[in-house]
There are 2 protein chains.
Amino acid sequence: MPTNDFDLEHFLPYRISLLANTISQGIASHYRDEHGITAAEWRVLAVLGRFPGSTASRLAQRTAMDKVAIHRAIKSLLARRLIERKTDRKDRRRRRLFITAPLGRAVFDDIVPRARRFEQELLSALSSAEARLLQGVLDKLQNAAEKSLADQAISLSSEAPRTGSPLQGDEA
Amino acid sequence: MPTNDFDLEHFLPYRISLLANTISQGIASHYRDEHGITAAEWRVLAVLGRFPGSTASRLAQRTAMDKVAIHRAIKSLLARRLIERKTDRKDRRRRRLFITAPLGRAVFDDIVPRARRFEQELLSALSSAEARLLQGVLDKLQNAAEKSLADQAISLSSEAPRTGSPLQGDEA
DNA sequence: ATATATTAGTTACATTTGTAACTATTTGCA
DNA sequence: TGCAAATAGTTACAAATGTAACTAATATAT
């Protein structure tokens with residue numbers, strides 16, 4: 001029996017990918033228009049605002065971007081003097097990053113409220129019940145997706161199957 | 001007052017983008033491993049399974065991909081003889097596309113159940129109440145995101161502001 | 001103490017993706 | 001009719017992204 005009744009428009013992975021696409025377009029223009037900031041750069045700034053002195057690899061963990069993407073974002077932010085870099089004296093491989101005093105801070109303080117407003121625009125489309133459930137739903141979907149991904153990785157590799165969880169958490 | 005309390009991990013656009021990323025990795029490997037199919041190619045197949053004889057531009061509408069992305073997917077599927085192409089006699093610009101009889105169909109019939117299974121893995125992580133709300137939530141978020149995007153476009157252009165809805169629907 | 005492995009960060013290259021220009025065909029209309 | 005505008009599809013080029021190899025510094029183990 002051939003399967004003709006598959007409907008892309010209601011297929012959950014497609015819906016989510018579409019939504020993420022539309023959102024990232026929206027958010028990209030929010031950031032870009034005023035300050036020429038990409039989404040990746042914005043992520044770096046956001047984490048540095050919260051965790052000043054983070055290293056590139058710490059940023060990679062916290063943003064789920066790989067280290068090359070982080071590197072590029074950092075490079076561009078450094079060039080525009082929105083962040084600065086200090087080599088750690090204990091471990092000279094590490095370079096700690098900080099938002100610069102007047103310049104980077106100004107951009108950051110301008111963008112954060114915009115980001116919040118955009119998020120509010122999205123959330124205000126939902127009923128309060130829906131909004132309340134959303135974070136939990138996203139958590140669960142994220143975990144399920146990661147789990148499925150990990151299971152596949154196991155079934156494909158002839159290596160010894162992993163016992164633990166797929167994504168090890170950060171420190172503290 | 002500087003804004004230091006912005007938290008990327010709970011920022012809705014980030015969460016959704018992260019989820020979409022993880023899902024698309026998962027789904028990409030689902031498709032790719034057996035048949036060497038990309039997500040774009042899968043979307044084309046999915047629509048052609050439902051609407052045989054669609055043209056490239058119709059596919060672009062139905063998959064929210066632009067015509068160049070569609071073109072590339074089609075090209076690759078043609079090369080592997082998973083789809084075939086017939087020039088419309090009424091309008092010779094149009095080339096109607098069809099999944100090929102044994103080959104394309106076999107791939108399609110193999111992938112659809114996998115896709116469904118993956119979707120089920122995701123949905124089964126949710127409570128029935130959450131699952132029930134999800135489609136509606138995604139619809140609302142999608143509309144809100146599109147609306148915000150459209151509003152921005154208006155505020156940026158010096159053109160006459162649009163009156164209608166941002167995305168015109170399909171025929172039928 | 002020294003060789004080996006690991007980690008941080010960077011660079012180089014290949015692949016993918018997006019943007020714009022182009023051809024062929026059809027449509028609208030003076 | 002015939003000429004401008006629109007549409008379908010394609011191609012060419014530029015920008016973004018991913019993969020792998022590399023350097024420097026530190027940690028580990030003998």
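This table checks each residue for (1) touching a strand residue (DSSP E or B) at 6+ places or on another chain (Cβ under 7 Å); (2) within 12 Å of DNA strand C (Cβ to nearest atom); (3) in a helix (DSSP H, G or I).
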site	(1), (2), (3)
A:SER17	no, yes, yes
A:ARG32	no, yes, yes
A:ALA40	no, no, yes
A:VAL47	no, no, yes
A:GLN61	no, yes, yes
A:LYS75	no, yes, yes
A:LEU78	yes, yes, yes
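May I ask you to say which residue of A:ARG72, A:ARG58, A:ARG50, A:ARG15 is at pLDDT 95 or above and within 30 Å of B:ARG116 (Cβ to Cβ)?
Answer to the check: A:ARG15.
Any idea which of B:ASN21, B:ASN4 is assigned to a loop (DSSP other than H, G, I, E, B) and within 30 Å of A:PHE98 (Cα to Cα)?
Of the residues listed, the single one that is assigned to a loop (DSSP other than H, G, I, E, B) and within 30 Å of A:PHE98 (Cα to Cα) is B:ASN4.
So, of the residues in the range B:97-113 that are buried (at least 16 other Cβ atoms within 10 Å of the Cβ) and in contact (Cβ under 8 Å) with a residue 40 or more places away in the chain, which turns out to be nearest to A:LEU8 (Cα to Cα)?
Filtering first and then ranking leaves B:VAL112.
Picking from A:THR63, A:THR22, which residue would you name as being at the interface with chain B (Cβ under 9 Å from one of its Cβ atoms), more than 14 Å from DNA strand D (Cβ to nearest atom) and either within 30 Å of B:VAL137 (Cα to Cα) or in contact (Cβ under 8 Å) with a residue 24 or more places away in the chain (or both)?
A:THR22
One residue is enough: does the range B:113-131 have a residue meeting the conditions within 16 Å of DNA strand D (Cβ to nearest atom), in contact with a Leu (Cβ under 9 Å, 6 or more places away or on another chain) and within 14 Å of chain A (Cβ to nearest Cβ)?
No: the range B:113-131 contains no residue that is within 16 Å of DNA strand D (Cβ to nearest atom), in contact with a Leu (Cβ under 9 Å, 6 or more places away or on another chain) and within 14 Å of chain A (Cβ to nearest Cβ).
Please indicate, with yes or no, whether at least one residue in the range B:28-37 is in contact (Cβ under 8 Å) with a residue 24 or more places away in the chain, crowded, with 20+ Cβ neighbours inside 10 Å and not hydroxyl-bearing (Ser, Thr, Tyr).
Within the range B:28-37, one or more residues are in contact (Cβ under 8 Å) with a residue 24 or more places away in the chain, crowded, with 20+ Cβ neighbours inside 10 Å and not hydroxyl-bearing (Ser, Thr, Tyr).
Filter the range B:66-86 down to residues that are within 9 Å of DNA strand D (Cβ to nearest atom) and over 29 Å from A:THR22 (Cβ atoms) and give me whichever is nearest to the chain's Cα centre (by Cα).
Within the range B:66-86, the match that is nearest to the chain's Cα centre (by Cα) is B:LEU78.
The values are calculated or read from the model by the stated rules, or taken from the named source; none is laboratory data. Please read all numbers here as calculations on a predicted model, not as lab measurements. Positions of Cβ are backbone-derived with ideal geometry, glycine not excepted, and every protein chain shown enters the neighbour counts.
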